[in-house]
Structures are given as structure tokens and as C-alpha cells.
Amino acid sequence: MSHKILVVEDDDSLLETLEYNLVRQGYEVLLARDGRTGLKLAREQQPDLLLLDLMLPGLDGFEVCRQLRQEMSVPILMLTARTEEVDKIVGLEVGADDYLTKPFSMRELLARVKALLRRVKLIREDLEAEQEGLETAVSPVKPVTTLTFGNLTIDENRREVTLDGAPIRLKPKEFELLIFLARNRGIALSRDLILERVWDWSYDGNSRTVDVHVRWLREKIEPDPRNAARIVTIRGIGYRFDG
């Protein structure tokens, strides 16, 4: 079953180009030329991913993103010709998962679309597996789940982390953050997505919380915290765990 992608863009030429290339990749594509129509289609069609232009007639991309994020967890990739860093920060803070500045290469856009869909798939599989485990467990003994990255070992069941065989003391949220990053190794994760998955939407803080906890983690698991090799900063987006 192909993924359903909603494209909200008021530039007809770009809209047609995006539709053509996405359809070629096997995606089902829905189109909207203004914010209100895009919002309506998103609610009715429940797409798997949203490509959302920032500057839209009637209702801009920020407001569309803000409203949708209160109702659903669809991944949102924002598109804009504006390059100011504050716009990127605001876009991510209202709920966008990724940000692409025009002009962009179609190859990069398709790669980001694929990465976002893959990330959501992994998260859903994790949640389904956890739910299935709760519903169908036949043994009180939980299977051993250990993640190993070179000299770093994470034991999920025991909630223990060791570096070169020596235990590392992590705060509960530091451990949960490390697990989330490690399970999504190699994938760029936005600060807002990390905040949602590790702290959940009821948390009253902001993405600065993620930065602080990443810094603490780096100080404990990185050979050189100032030149991080395990938890890499993705400028304008968030972080990627490279193991």
C-alpha cells in the first residue's frame, strides 16, 4: 500500500513538479493551493506525510502546522523561500518535523520524505510491538534487549549503560533520550519530535530541554563532548545518533 502525501503549495509550477516526482516514486499525492484547503484535506484524508509551504494565501503554513499538530501526529516537512533562522526555529517549535529552504533539489526533498516516512514507520512498529507485548505476554520474563555500539552498550531491560565495560549513571530522562536516539540510529530527528516522544506533548517545556539533555549525554558517552561523534547535531533540525 502506497503512502499518501498531501502537498500544500501555492506555486503552480512547483506544485506540478512535486506531484510528478512523488507519483513517480509510487506515492499517492493530494494537492492543495492554500492553507484552509490543505487543513481541510489533512483532516479528511489523514495523509501519511505533509509537504507544507510556509507562505500561503488565507492561512499560512505556521498556523496550518500549529492546528494540525494539536490534532494529529502526521510528519510535516515545511518548504519556504525565507532563509531567516528565526523562521526555521518557529516552524520547528509549532510542530514541523523538518525544514527545507527553496530552491532545493528534488533529490534532497525525496530523500527527506523517505527518511521521515521511515522514521514514523519505526516509531509505529515500536509502539505496536510494545502494545502487543502487553496484550499477549505469556511469560513474566522479558526478552533481553541489548544495543551495542562499539564500546557503548545499552541494556534496555536492566536500564543500564556501560562504556568500556564500566557502568554510566544516567538520569531517567537521559536514559530514555539515549534509547530513542539509538533505536533511530542514522536518522535525523527534529527537536520537537524528540520532545514529543521522550517527554510527550503534555510536557510544559520547550526544545531547549532537548539541547540540555543532549549536552549531558555527550559528557557521559562521547570521547570528546565538544566534537561529538555519537550524537551529531543536524543544523536547523535536531540530532542524529551515529552509534
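Just so it is clear, none of the values below were taken in a lab; they were calculated from the coordinates. The model shown is predicted, which means the values in this text are computed figures rather than measured ones. No Cβ is skipped: glycine too gets one built from the backbone with ideal geometry, and neighbour counts run over all protein chains shown.
Summary of computed values
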| item | result |
| --- | --- |
| Residues (in contact (Cβ under 8 Å) with a residue 60 or more places away in the chain and of a type in the set (Ser, Thr, Tyr)) located in segment 98-117 | 99 |
| Those residues of segment 27-44 which are among the small types (Gly, Ala, Ser) and more than 22 Å from the chain's Cα centre (by Cα), in sequence order | 32, 35 |
| Lone qualifier among 68, 18 - being within 22 Å of the chain's Cα centre (by Cα) and in contact (Cβ under 8 Å) with a residue 40 or more places away in the chain | 18 |
| Check on residue 209, out of contact with any helix residue (DSSP H, G or I) (no Cβ under 7 Å at 6 or more places or on another chain) and among the hydroxyl-bearing types (Ser, Thr, Tyr) | no |
